[in-house]
Every structure is written in C-alpha cells, then in structure tokens.
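Working notes, beginning with the structure itself.
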Amino acid sequence: MTTLPFRHALLAALITTASTAALAETAYVSNEKDNTISVIDMNTLEVTDTLDVGMRPRGILLSSDNSKLFICASDSDTVQIMDLATRRIVQELPSGADPEQFALHPNDRTLYISNEDDALVTVVDVPTAEVLAQIDVGVEPEGMAVSPDGKWAVNTSETTNMLHWIDTTTNELVDNTLVDQRPRHVEFSHDSKTLWASAEIGGTVTVLDVDSREVKKVLTFEIKGIHPDRIQPVGVRLTRDGKYAFVALGPANHVAVVDANTFEVLDYLLVGRRVWHLAFNGDESRLLTTNGVSGDVSVIDVADLKVLKSIKVGRFPWGVVVTP
C-alpha cells in the first residue's frame, strides 16, 4: 500500500516535471554562410544541434501550430519546410529567384515571398505548392509582412525606397508608400492598426497608420560615440501588450528600445556585432538577436532591459524564431 507522504512526493515530482516540460522552448537560428540552422535550448541557453539546410538560409518562420519551420534558402532559389518533430526537410516550395524574406498568412496556407533578383512578390499555396500569383513590385524587394487580421501583405523594395501594399483577397498591388533609403523590414502591430518599416541607409523607422496608410511618425536614433552612418535599422519586433518596440540597429551593435505609444527612444542595449533580426520567446520574457559579424545570438531580459548572455552559433546568423 502506498503511503500518503510518498503519494504527495510523487505528485509533486510529476507536477514539477510537467511544468518544466511546459516551459521548455527551442530557438532556431539561420546561419547564412554555413547553410545551417543552429538549435538552442532556451532553458540552458546552449546550442544543442546544428542542422544542414539549403544554400544561404535567411528568413525563417513557423507554422501557426509550431510544427513546421519554413526556410528561405536564397541561393537554392527555394523555400524549404522542415518538420520539427524529425528535424528533416519534408517539402520544397517554388519561391521565385533569390527569396529573402517571406510571411505566412493567418490562414496558414498562403505564403508571400519577396524575390530580390526579379522585383517580384511570389504568392504560393503551401499545401499544393501552387504559385497563385507573381506581383510586380519595386527594385530589390526584401521585407515582407502580412497583417494579423489577414487583410494586407506589405513588401519593401530596397532600391525604390517604397512599401508596396497588396490586398490579400485579390493579390493585387493597390498602393505604394515612399519611405527613407533602403527599407529592409516591415512589422505589423498585433492589432493590425500600425505598420513599422525600417530604413537601413536612411537610419530611420517609419510608423504608419494601416487604415489610412499615412505616416504617423518617423523615428531617428542617436547613440553617443557611434557615427550616424553606422546606425542602420533592420529588424523590428513589437510586444503583444503594445508597450515596446525593439529595433535592431545593424553595425551600431545596439538594439533600440522604443515606447510604442509615445515613440520615445527609451534605451539602447549593446549586443553583438551587426545585429540583424529579433525574436521573442513565448511569454516575451526574453528577446533574441542575431549578430551577423560576431556570429552569435544575444539574449535580452525584456523586463529588466538587460543583456543576459551571448550564444555562439554559426557564421553570419540572420533569422531567428522560438517555438515551445
């Protein structure tokens, strides 16, 4: 017969084990020069595996159920899909030439891909691998985002210095917005009401009202001791509660912390060399940054706005996502 204290101890152990499993998260980082994905255990903050993928992996994203990882293999001219249960490539999608960034519609099947070499956005139906449309945009398209409400896909063209607004119902280009030089990334707020667009050479981030497509604010950045030419915004991430925007500032080697309501720059956090893109973990207590030149990932404590650790990964880390 099992004694009561033993039962209590067993129950406590089971609860602890279940809680630890529930909190377990994994980060995936694309290494542009190594043709690999680094796998990071978010509990230990250590690299646990390195996965071979297509040539020059850059943009990566997760399916809505976190079961699949989509990979822009730019020099292989394809989008690869990895089954995260087996960590094997299970499908390749037609992507157009030189895919860089992409965005998955909330329906979890329509993928919008920017094709830098062809000045196109390619729209692919994921289950059938059918190309639904190819949309002419500006020169050297890169950034790509779909609004959380599914109404808009927005692409950036680096040389044309524009944002291109695509109606996802018709897959037609309906408007263009001129921004500063070399826009690299676009990010919708979680309520789909605002759009943040970084301009690498312009050194700014433009915030737009989505309904009117009018500019609300143009953010500039100034870091003591760093020449303005080195402040080159790229990746942007917004917290779900609408409190913060985090902006990766490229060769300035800092992440800007911005009040997402007042647009005031609150702080600059020193990270690795040439910080590129960003990703939160599930509860947004941690923010990861990919640092291309130093070949590492910085881990930021979001509540304290402090950098906790740098994790060495492959050569020229580019994209990052975190999955439960």
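A quick yes/no check of all residues on (1) of a type in the set (Gly, Ala, Ser); (2) closer than 14 Å to Ser30 by Cα; (3) touching a residue at least 12 places away in the same chain (Cβ under 8 Å):
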position: Phe246; (1), (2), (3): no, no, yes
position: Asn261; (1), (2), (3): no, no, yes
position: Leu269; (1), (2), (3): no, no, yes
position: Trp276; (1), (2), (3): no, yes, yes
position: Leu288; (1), (2), (3): no, yes, yes
position: Asn291; (1), (2), (3): no, yes, yes
position: Ser298; (1), (2), (3): yes, no, yes
Breaking point among (1) within 18 Å of the chain's Cα centre (by Cα); (2) farther than 30 Å from Gly272 by Cβ, for Arg184:
(2)
Any idea how many residues of segment 122-164 are open to solvent by 10 Å² or more (accessible area, probe 1.4 Å), of a type outside the set (A, V, I, L, M), within 19 Å of Val207 (Cα to Cα) and part of a strand (DSSP E or B)?
1
Pairs please, first residue from segment 169-182 and more than 11 Å from Thr156 (Cα to Cα), second anywhere and hydroxyl-bearing (Ser, Thr, Tyr) and open to solvent by 70 Å² or more (accessible area, probe 1.4 Å), Cβ atoms under 6 Å, 6+ apart in sequence or on different chains.
none
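Let's see how each residue does on (1) under 22 Å from Glu222 (Cβ atoms); (2) open to solvent by less than 20 Å² (accessible area, probe 1.4 Å); (3) in contact with a strand residue (DSSP E or B) (Cβ under 7 Å, 6 or more places away or on another chain); (4) modelled with pLDDT of 95 or more:
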{"position": "Val255", "(1), (2), (3), (4)": "yes, yes, yes, yes"}
{"position": "Val258", "(1), (2), (3), (4)": "yes, yes, yes, yes"}
{"position": "Asn261", "(1), (2), (3), (4)": "yes, no, no, yes"}
{"position": "His277", "(1), (2), (3), (4)": "no, yes, yes, yes"}
{"position": "Asn281", "(1), (2), (3), (4)": "no, yes, yes, yes"}
{"position": "Thr289", "(1), (2), (3), (4)": "yes, yes, yes, yes"}
{"position": "Val299", "(1), (2), (3), (4)": "no, yes, yes, yes"}
{"position": "Val307", "(1), (2), (3), (4)": "yes, no, yes, yes"}
{"position": "Pro324", "(1), (2), (3), (4)": "no, no, no, no"}
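Filter segment 93-121 for residues that are in a strand (DSSP E or B) and touching a helix residue (DSSP H, G or I) at 6+ places or on another chain (Cβ under 9 Å) and give the result. Break it down stepwise before answering.
Of all residues in segment 93-121, those in a strand (DSSP E or B) come to 93-94, 99-104, 110-115, 120-121.
Pro99, Glu100, listed by residue number.
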Out of Asp83, Asp77, report the one residue that is out of contact with any helix residue (DSSP H, G or I) (no Cβ under 8 Å at 6 or more places or on another chain), farther than 23 Å from Pro324 by Cα and surrounded by fewer than 21 Cβ atoms within 10 Å (Cβ to Cβ).
Asp77
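The values are calculated or read from the model by the stated rules, or taken from the named source; none is laboratory data. For clarity, every value in this text was computed on a predicted model and none was experimentally measured. Note that we place each Cβ from the backbone using ideal geometry, even for glycine, and neighbour counts take in every protein chain shown. These area figures cover heavy atoms from the full protein model, side chains too; ligands, DNA and RNA do not enter into them. Shrake-Rupley method; radii C 1.70, N 1.55, O 1.52, S 1.80 Å.
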